[in-house]
Structures are given as C-alpha cells and as structure tokens.
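First up is the structure itself, then whatever we jot down about it.
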Amino acid sequence: MARKIFEIPLYPYRRHPDQDESTPVRHPVIVIGAGPVGLAAAIDLGQQGVPVVVLDDNDKVSFGSRAICFSKRTLEIFNRLGCASEMARKGVQWDTGRVFFRDREIYAFRLLEETGHKFPAFINLQQYYLEEYLVKRLRALQEEGRPIDLRGRNKVEAIGQHDDHVTLEIATPDGPYNLEAEWIIACDGAASPTRRMLGMDFVGQVFADNFLIADVVMQAGFPSERWFWFDPPFNRGQSALLHKQPDNLWRIDFQLGWDIDREEEQKPEKVIRRLRAMLGEHTKFELEWVSIYTFQCRRMEHFRHGRVLFAGDAAHQVSPFGARGANSGFQDIDNLVWKLKLVLGGKAPETLLDSYDHERVMAADENILNSTRSTEFITPKTETSRIFRDAVLDLAERHVPVRPMINTGRLSVPAIYDGSPLNGPDSNVLPESLRPGAPAVDAPLSEGWLLDRLGNGFQLLLIDTEAVPEKDLSGLGIEPVALSADESPEFAERYLGEAGQAVYLLRPDQHVAARWTVYEPEAVIAAFRRATAREEA
C-alpha cells in the first residue's frame, strides 16, 4: 500500500478536563468502542445534536481488511451520516457473483437487476479506510461545533449500573478517572469487555471449522465480482472465496477444516504455498495480512440491559459469508439512535428502547438463521450431507430451478420488522415490499433521489393526494413530503403499485411505520403515537 493508515494514531490520547474534576462528570451518552459501529453511533448522535463521548482503548484504525463488503442499505445509512460518497468513490463496486464446483463454473447471479438506485448492490472497501472516513467525518462535525468527543487510549475497566445512570472507571496513560452516563452504547466488539463486566454472554453455536483470510497485493485480471469455489483443485475437499478491494488488494478465504495447527497454518511460507496453488507459480503477489477465524452464529439474549445498550459484534456474531456482520451492526445503530434521542429529549418513554431490543433481536435471529444455513451447506458435517450438496452443485449447472438451493452465503439485506410493536395500520392494496416495518426503497425523482429527500425525523410521504396536513401535524415533529407518481416510473411502481394514491408514515430510520391509501389526520396521529411508544395498539 502507498500508506499504511493503520499505523497512524488518528485519535491520539489527550488529557481531558473531565480527568481533573473532583466528582465524576455525567454525560448523556457514552459510546464504548471506536470501531465502525461505535463511530457511526457517535456521528449519528452528534449530527442530531445529542452530546456523546466515545471511549476506546486504542488510538488507531484496525489492521487488516477485516469487514470489507458493505451493502446498498449501509451506503444509504452512511449517506445520511455524510460519508457514503467517499466510500463509493474508493470502494470496488460489484453486484455479480460466480459459483464454481471443482474445476468449472456452475452459474453466475446478479444482486440488483433493476435500475433506479443511487447506490450499487455492494462495495468492497477495507475496514481501515471506512474507519478513516468515519473519523474524518467526526472531526468535521466537531469543527462545526457538534457535541462529539473522541477519546483514544481511554480503557473502560469497570461499569456500575444505577437506576438513572451508569458509572465507569477508566484507565488512561495519566492514570484512572471516573465518568457517569445516562446511557451507554456498547460497541466494543465480539470479545466485548462491557458484556463480560456485566456478566453477560452469548447464546448460540460455534461451528467446527476454520477459515484462513489472506490479504494479497497483486496485479490480477480477475473482474470485480464475488467468486466462490466448492472443492477447487487448489483446496481439495474444502472451499475458497475471492474478492477484489481497492489498491490492488485481494481478499482470499480458504476453508481449512477443524483439526488444524492455527499457528502453523498462519506461517507466511505455508500461506504462500496455498496462494501459489490457487494463483499459479508465475503470479507475483505480496502477502499483507493473515488471520484465521471460526464460524460463530451467536447473540446476547437481549440487547438492552438497563441503561446499557449493545450493538454490532458486541451484541451478535454471524459467519462472514453473507456480509451480515458489520452491515447488521450499522442497522442496529440506525434503529437505536433516533429512539435514544427521543427518550433523552423527553419526547418518548424509556420503553421505546425496548423496541430496539425487540426489532434488532428479530433481525439478529434472521441473520443467524441465514448464516447457519450457509455454514451447513458450505461445511457439511456428514458424508450424506456432502453427497447431497455435491449432487445439487452438479445439477445446478444445467437446471436453473436447482440453483436457489446452493448457499454460498445469503448476502446481507435490510431487516423488515414484521410484528414490531411500533407498526401501525397497513393498506394491503399497496406493494407488499413496503409494508409496515420495511425500509423505504430508493427511487429516482425528477430531481435527485427519494432517500436524499427524506431526513432523520418522522415524515409523512403523500403521493398524489390533495391533503395539506401541516396544521393537523403541528407540534408533533412530522414533516409532510408531497410527491407525484410522475416523478419516475420506478417511484410509482415501488410506492403505488396499482393504487392511485398513497400515504406513508416513515420513521427517522426510514422504515415504514404505517400506510394508507387516503389521508386521515386521526389515523396518522395514532400511528405516530404508537411508533414512539406513547400509545399501545
């Protein structure tokens, strides 16, 4: 690489006035962990005027590519946070995957066949670049006077829960000090010290297999696609995955099996032998980073514990095939921040935060189910299962209906909160894909894009209605957005279907709260109260 940003302190330790106070300073929100999910939480809070402190025991971005596949939904979330354009410019865009069995290609698939979307299906981008962009965005918000404080080399050593606050003991290069917070968001990763200090653990399954990740710098003619092999000639009896990243960096995963010597398998000479078998003896490459991981499909039983809210890998873990880890962490934050803002502002009861637990546990279970199925297909545990899988792969080359049975990792999609306690009425004549609980889908407008037109608050999308609801909604904090089906064919198809008009109540995370075919003020107000936990169904 031209520059190794993961060697540069981006948020170095600086003594803070809080450390000199005789009594602990209390902050509205403290985020523990300055990884991508923690930084996203801080940006979202600070951007909306909620004071937030981020504590991390490190002062640099992470080493190695780690999470690399970021979905269209993640880009839409980051667009609201102010850094999606930079991500999309740097990232490798892709929407095609290819599946290979032994020495031949079985089939290819597309992830986003339809047009009319601002962002691609996926980009590949090293995690350290994403963290750099997030820190850069955070610094820009600080310069604007937004209330965000990022403290490197501040390690949380102990946590105490109380009825109206949380206490923290923090270690720094200058010695320890204490803080208090009304609310904690724990984003401190899969090993989460916060979770351990509170005596919590995961429930779920650890799979009996190991996978080697190798980041390889090379000039190669492979296209910007996701390539997955079952039983390839260069890794017999196992699987492999290839992804392109920026800077001529390639991510290669090798399945190793369960009974291995992890230290031996990570030795450069052994990794290089594997790579030469795959890439050919004459391919020039440089090995940048190596790691070994196991599949884990686990979560905490609940993501809210009093005044501590868990998000990202601290709350749940899934296998990396499917890119459901980091992408679901950003959806956690997207779901949580608006609710926390309303609670802090006295505009919603604390019970609104219970819906964060309800909705994101539901989403985690969906991700775990998909990841478990992927794992079972990729790594069959019995000879009978392997024979069945290989038969499916053989048939799929010639028979298209068999292909959906192949599972190389069901790629990340946004959660639909069916059955959420926040969901209001539904008009079933409108498109099923935008039912209550579903995220708003982007579409081109006569000028710009729909999701750019929406914001971070409650909005009432009125399509081809004559209603003028400003007076009805006065003081509620709901912004009316009136649009016509003539904006674009894609917009009309996605939001109206066969209906002549529609009204959508959208939450601040741009999920549908309720919808109707006609505007009725009382119904909208009742749905809004339900979506803010101020009125039950």
Query - SER433 vs. criteria among the polar types (S, T, N, Q), over 30 Å from ILE478 (Cα atoms) and either in the same structural domain as VAL318 (by TED's automatic domain parsing) or part of a helix (DSSP H, G or I) (or both) - result: no
Query - Considering residues of the stretch 249-291 that are among the small types (Gly, Ala, Ser) and outside any helix (DSSP H, G or I) only, the residue surrounded by the fewest Cβ atoms within 10 Å (Cβ to Cβ) - result: GLY280
Requested in this report: Mind checking which strands (runs of 3 or more DSSP E) fall wholly inside the stretch 458-537 and carry at least 1 residues that are modelled with pLDDT of 95 or more, touching a strand residue (DSSP E or B) at 6+ places or on another chain (Cβ under 7 Å) and within 20 Å of GLU359 (Cα to Cα)?
Outcome: 458-463, 502-506, 512-516
Query raised in the report: What number of residues within the stretch 292-312 satisfy the criterion of being of a type outside the set (Val, Ile, Thr) and either assigned to a loop (DSSP other than H, G, I, E, B) or under 19 Å from ASN210 (Cα atoms) (or both)?
Result: 11
Requested in this report: Consider only pairs whose beta carbons are under 7 Å apart and that are at least six residues apart or on different chains; among these, list those whose first residue lies in the stretch 258-277 and is in contact (Cβ under 8 Å) with a residue 40 or more places away in the chain and whose second residue is in a loop (DSSP other than H, G, I, E, B) and among the acidic types (Asp, Glu).
Outcome: TRP258/ASP209
Report task. Look through the stretch 214-236, keep the residues that are closer than 24 Å to ALA121 by Cβ and of a type in the set (Gly, Ala, Ser), and return whichever of them is surrounded by the most Cβ atoms within 10 Å (Cβ to Cβ). Result -> SER224
**Report entry** When residues of the stretch 358-391 are limited to those that are within 23 Å of ARG299 (Cα to Cα) and hydrophobic (A, V, I, L, M, F, W, C), the one surrounded by the most Cβ atoms within 10 Å (Cβ to Cβ)
**Finding:** ALA364
Query raised in the report: Has the stretch 518-534 got any residue that is touching a helix residue (DSSP H, G or I) at 6+ places or on another chain (Cβ under 8 Å) and surrounded by fewer than 18 Cβ atoms within 10 Å (Cβ to Cβ)?
Result: no
Report summary line: The correct count of residues that are in a loop (DSSP other than H, G, I, E, B) and of a type outside the set (D, E, K, R) in the stretch 393-413 is 8
Query raised in the report: Yes or no: GLY145 in a strand (DSSP E or B), free of Cβ contacts under 8 Å to residues at least 40 places away in the same chain, loosely packed, with under 14 Cβ neighbours inside 10 Å and not aliphatic (A, V, I, L, M)?
Result: no
Requested in this report: Sort out which residues of the stretch 82-91 are surrounded by 20 or more Cβ atoms within 10 Å (Cβ to Cβ) and either in contact (Cβ under 8 Å) with a residue 60 or more places away in the chain or aromatic (Phe, Trp, Tyr) (or both), and write them in order of number.
Outcome: GLY91
**Report entry** Options ARG262, ARG226, ARG196, ARG251: the member that is in contact with a strand residue (DSSP E or B) (Cβ under 6 Å, 6 or more places away or on another chain) and farther than 27 Å from ILE406 by Cα
**Finding:** ARG262
Query raised in the report: What number of residues in the stretch 97-120 are buried (at least 16 other Cβ atoms within 10 Å of the Cβ) and either in contact (Cβ under 8 Å) with a residue 60 or more places away in the chain or touching a Cys at 6+ places or on another chain (Cβ under 8 Å) (or both)?
Result: 13
Query raised in the report: Taking interchain pairs and intrachain pairs at least six residues apart, which have beta carbon atoms under 7 angstrom, with the first residue in the stretch 54-79 and over 20 Å from PHE122 (Cα atoms) and touching a residue at least 12 places away in the same chain (Cβ under 8 Å) and the second among the β-branched types (Val, Ile, Thr) and part of a helix (DSSP H, G or I)?
Result: VAL61/ILE5
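The values are calculated or read from the model by the stated rules, or taken from the named source; none is laboratory data. Computed from a predicted model, the values in this text were never measured in an experiment. In this analysis, Cβ positions are derived from the backbone assuming ideal geometry, glycine residues included, and neighbour counts consider all displayed protein chains.
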